[in-house]
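**Student:** Sharing a structure below in C-alpha cells format, with a few things to ask.
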Amino acid sequence: MKYFLILLLAVAFFIISITLGSSNDQVITFNYLIAKGDFSLSTLLASLFGVGFVLGWLVCAVFYLRVIVSLKNARRKIRRLESQLGAGESHISDSTSLVTTQNKE
C-alpha cells in the first residue's frame, strides 16, 4: 500500500508538471554544462522529470541488489554455521556416551 501511494504521488506530480508546462508555451534557454539549448517549458519539465524518475529507480535498484547479495551471504553463513554446530553436537554426544560407559565400568 505504501508503494502504491508513492507511485500515485509521483504520477500526480508528473500530471501537474505536464499541465503547468502545457499552459506555458514559452521557449526558454536551458544552459547545461556542455552546451546551451532552446526548449519549450513543457518539454523540459517532462524530460527532466522522466530522467529524475529513471535515476531514482536505478539508485533504488542498486541498493536493493546490495541488500539481496548481503542476505544471500548471511543465509550461506548461517547454513555453514548450522552444519558446523550439527557436526559439533554429534561429536559431543559421542564423547558423552564414551564417558558414561567408562564411568559404569
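**Student:** Mind checking which pairs have a first residue in segment 48-60 that is surrounded by 10 or more Cβ atoms within 10 Å (Cβ to Cβ) and a second that is in a helix (DSSP H, G or I) and of a type in the set (A, V, I, L, M), Cβ under 7 Å, 6 or more apart or different chains?
**Tutor:** Phe53/Ala10
**Student:** Only residues that are surrounded by 11 or more Cβ atoms within 10 Å (Cβ to Cβ) and not in a helix (DSSP H, G or I): list them for segment 15-36, please.
**Tutor:** Within segment 15-36, Asn24, Val27, Ile28, Phe30 qualify.
**Student:** Which one is farthest from Tyr3 (Cα to Cα) among residues in segment 37-47 that are in a helix (DSSP H, G or I) and touching a residue at least 12 places away in the same chain (Cβ under 8 Å)? Before you say what the answer is, go through the steps one by one.
**Tutor:** Here is the first cut: in segment 37-47, the residues in a helix (DSSP H, G or I) are 41-47.
Now drop any that are not touching a residue at least 12 places away in the same chain (Cβ under 8 Å), which leaves 41-46.
On the way: Leu41: 30, Ser42: 27, Thr43: 27, Leu44: 27, Leu45: 24, Ala46: 22 Å.
Looking at the filtered set, the residue picked out is Leu41.
A short reminder: the numbers here are calculations on the coordinates, not readings from a lab. Everything quoted here is computed from the prediction, not taken from an experiment. A quick note on method: Cβ atoms are made from the backbone with ideal geometry, for glycine too, and the neighbour counts reach across all protein chains shown.
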